[in-house]
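Chemist: Would you mind keeping the following structure in view while I ask a few things?
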Amino acid sequence: MRKLTYSLAINEALHQSMAEDSTVFLIGQGVKSPWYIGNTAQHLLERFGKSRVIDTPVSENGITGAAVGAAIAGMKPVVVHPRMDFMIYAFDPIINEAANWFYMNGGRASVPVVIWGIINRGGEQAAQHSQALHAMFAHVPGLKVVMPATPYDAKGLMMAAIKDPNPVVYIDERWLHHLEGDVPEEPYTVELGKGIVRKTGNDVTIIGISYMAKEALNAAQELEKEGIDAEVIDVRSIKPLDSELILGSVRKTGRAVVADVGWRFCGISAEIAALVYEHDFECLKAPIKRVTLPDCPAPASKFLEKAYYHSSLDIVKAAREVITHSPQRS
Amino acid sequence: MPSHTTEFLISLYRTMIRIRCCEESLVEPILSGDIRTPCHLYSGEEAIAAGICASLKKEDQVFGTHRSHGHFLAKGGGMKAMVSEIYGRETGCSMGRGGSMHLIDPAIGMLGAAPIVAGTIALAMGAALANSIRQDGNVAVSFFGDGATGEGVLYECMNFAALKRLPMIFVCENNFYSTHMPIRECRVEEHIYTIGKPFCVESLQVDGNDVLAVYEAGKKAIERCRKGDGPAFIECLTYRFRGHVGPDDNIHGNHTDIRPEEEIECWLKKDPIARFEEYLLANKAADSICLNSIREEAEAEAAEANRFALNSAYPEPERMQDFIFAQ
């Protein structure tokens, strides 16, 4: 199959969505600047013109609100936030307006908007340029939240998010932008609300989110050398969450490690752990381990960063711990 | 004063009196507890909704605020659907999920209302952006109060709307109070309309209790928008006859704000409906029999809307989670 990078997969999703539906448009800060959003928007402006590829002043609240309003008025906007930290300025249109609109208006008007935020971890960018805020959005009824970890899903989830009649927060990760993988040339969608088993296994389920789904696969390879057969789930859709997929796997393995790119407290890892404890407590052979960011703002200095960001090594360590917790390894 | 047809003048009057009668019909049910949703009554401000909406087509979009009963009715929304919503019934325009502050009817271009101050300004701008992309000639109107001038998003929107010459009207209903707080305690410059000027938004102030003045200003601004000449900001000076929320008249009642009695008296004399009645009579556009019969019709319509709502079913609790997501 044709290989494409994660960022160009997003680009292709935008090209194909805009070509097949004239109500789709892209708006946000830096849509004509590779410095802001890499090559994710390349050639869109030349192809679709400035009425549908709209670079904006730094006015996140107003511009995101405009995207929400345009969606209510019948368009399918994609509004991009090159650093999702700046999306906090747009909490009002995203949460108060977009998330609630369909419900509080009794289903009279839906809000088919994609709110696209990019996580920019590392690079000594410190606390306001690197945050992963998916858990905050997932908390809110009425929002869908997706986080692709592969080029295939980057394209398929973007196309599905654009087609969905609801507000979808699409969160990609700059550390994945150069990742190359199989991406079909034709348009396709990846269903929102569906996770995927990336590797089957019997000893422990590793549930990874975004970049940590990739690290989970690396961890599984490492564990294999030690004779530990890990199953790896890529969550892909934070909300709706594919509960059945996660529960089914943990019922089989009896052990789980959740690896998230976000913070620990009230994070998605806590939600997934609670899901398993509520539904399948009896099948657990060991307490669930979580690999998350510490409850600490992102530091700048690279030595602190190294301690702050986790990798496959931390997942391996957590998996070993849940395996050795029980008296007999099954 | 340009001449208008009698038919047009009467339609303006009918819109205003329908809003007034509907609002006042809610007072008793609010006091009795039949209506629980916070109602921010529009009595006293009717000339603005009536004057602006008179120039709008069905396809033009309106976004409102917490005080939007008047916008909904003036844009063409059904009184029964609105009053039922206020009573929390399944027959309400928002199926009883929104209450008084969430009024919508996409079929007539009323795209919604919401009480987060200034929160719908950007939504209206989005509708204007949609119109501009589609080049369909439609215009979006954002109604908001003087209190919204304290929110940053208004300034973001004036800048962007001007930058992209969007077909959008900013209508600031300046009733001189941001909930309990006199607007003069909120800002230094008392002429709110001047905030549009640094953004190169066509900006003006009108007497918001003079329906023809509002109509003329709105018509001109809307025509500009249709020609692609960009947004306008219209400050309408007005006064609400009741408290910030509920039927409170600030003299008795439970005082959602406390305004000087003489100030209220002074504004009651500028009642936009009484003033327009005088105009109609003086210009022989209507006689008092005609005006009375229109008022009686409106009172009957409001009474019927209340009856309809009271006889409508409440939403079923089993269906509480309908409408979280569109399918």
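Chemist: Using the count of nearby Cβ atoms within 10 Å as a rough guide to exposure, how do A:SER312, B:SER293 rank from fewest to most?
Modeler: The most exposed by this proxy come first: B:SER293, A:SER312.
Chemist: Right, something else. Straight-line reach from B:LYS220: which lysines fall under 19 Å, measuring Cα to Cα and dropping same-chain residues less than 8 apart?
Modeler: Counting by Cα, and skipping residues close in sequence, B:LYS220 has these lysines nearby: B:LYS57, B:LYS58, B:LYS75, B:LYS197.
Chemist: May I pose another question? Answer with one residue from A:ALA71, A:MET84, A:PHE48: the one whose Cα lies farthest towards the positive end of the charge dipole of segment A:46-96, charges on Cβ with Lys, Arg +1 and Asp, Glu -1.
Modeler: A:PHE48
Chemist: Can you tell me the relative contact order of chain B? Whole percent, Cα pairs under 8 Å, sequence separation 6 or more.
Modeler: Result for chain B is 23 percent.
Chemist: Assuming a ≥ b ≥ c are the square roots of the Cα gyration tensor eigenvalues, decide whether chain B counts as rounded (a/c under 1.5), prolate (otherwise, with a/b larger than b/c) or oblate.
Modeler: Rounded, because the longest to shortest axis ratio a/c is under 1.5.
Chemist: Averaging sequence separations of C-alpha pairs under 8 Å and six or more residues apart, then dividing by the length of segment A:213-330, give the relative contact order as a whole percent.
Modeler: The normalised contact order for segment A:213-330 reaches 29 percent.
Chemist: Pull up all non-local amide H partners of B:GLU235: gap of 5 or more, or a different chain, and H-to-H distance under 5 Å with H placed in the peptide plane.
Modeler: For B:GLU235, whose amide H was placed from the backbone, the distant partners under 5 Å are B:CYS172, B:LEU204, B:GLN205, B:VAL206.
Chemist: Is the shape of chain A rounded, prolate or oblate, going by the alpha carbon gyration tensor and its root eigenvalues a ≥ b ≥ c, with a/c under 1.5 for rounded and a/b larger than b/c for prolate?
Modeler: Because a/c hits 1.5 or more and a/b exceeds b/c, chain A counts as prolate.
Chemist: Just name one of B:PRO38, B:LEU9, B:GLY99: the one whose Cα is farthest towards the positive end of the charge dipole of segment B:1-140 (beta-carbon charges, Lys/Arg +1, Asp/Glu -1).
Modeler: B:GLY99
Chemist: Related question: Calculate the mean, over all residues of peptide A:137-143, of how many other protein chain Cβ atoms lie within 10 angstrom of the residue's Cβ.
Modeler: 1
Chemist: Nearest 0.05, what FRET efficiency do A:GLU191 and B:ASP34 give at R0 = 56 Å with Cβ-Cβ as r?
Modeler: Here the calculated transfer efficiency is 0.75.
Chemist: Would you mind calculating the relative contact order of segment B:34-110 from Cα pairs under 8 angstrom and at least 6 residues apart, reporting the percent as a whole number?
Modeler: Dividing the mean separation by the residue count of segment B:34-110 yields 34 percent.
Chemist: Treating only the Cβ atoms of Lys and Arg (+1) and Asp and Glu (-1) as charged, compute the dipole magnitude of the protein assembly as shown about its Cα centre; round to the nearest 20 debye.
Modeler: Here the protein assembly as shown has a charge dipole of around 1760 debye.
Chemist: Give me the one-decimal nm value for the distance between modelled label points at B:ALA282 and B:LEU163, 7 Å along each residue's Cα-to-Cβ direction.
Modeler: Roughly 4.6 nm, to one decimal.
Chemist: Can you pull out the trypsin sites (Lys or Arg not before Pro) in segment B:1-85 that DSSP calls coil and that have at most 14 other Cβ atoms within 10 Å?
Modeler: B:ARG36, B:LYS57, B:LYS58
Chemist: Rounded, prolate or oblate: which fits segment B:154-232, taking a ≥ b ≥ c as square roots of the Cα gyration tensor eigenvalues, rounded meaning a/c under 1.5, else prolate when a/b beats b/c?
Modeler: Oblate, since a/c reaches 1.5 and b/c is not below a/b.
Coordinate-derived values only; no laboratory data. Every value quoted in this text rests on a predicted model; they were computed, and no experiment measured them. So basically every Cβ, Gly included, is an ideal-geometry build from the backbone, and we count neighbours across all protein chains shown.
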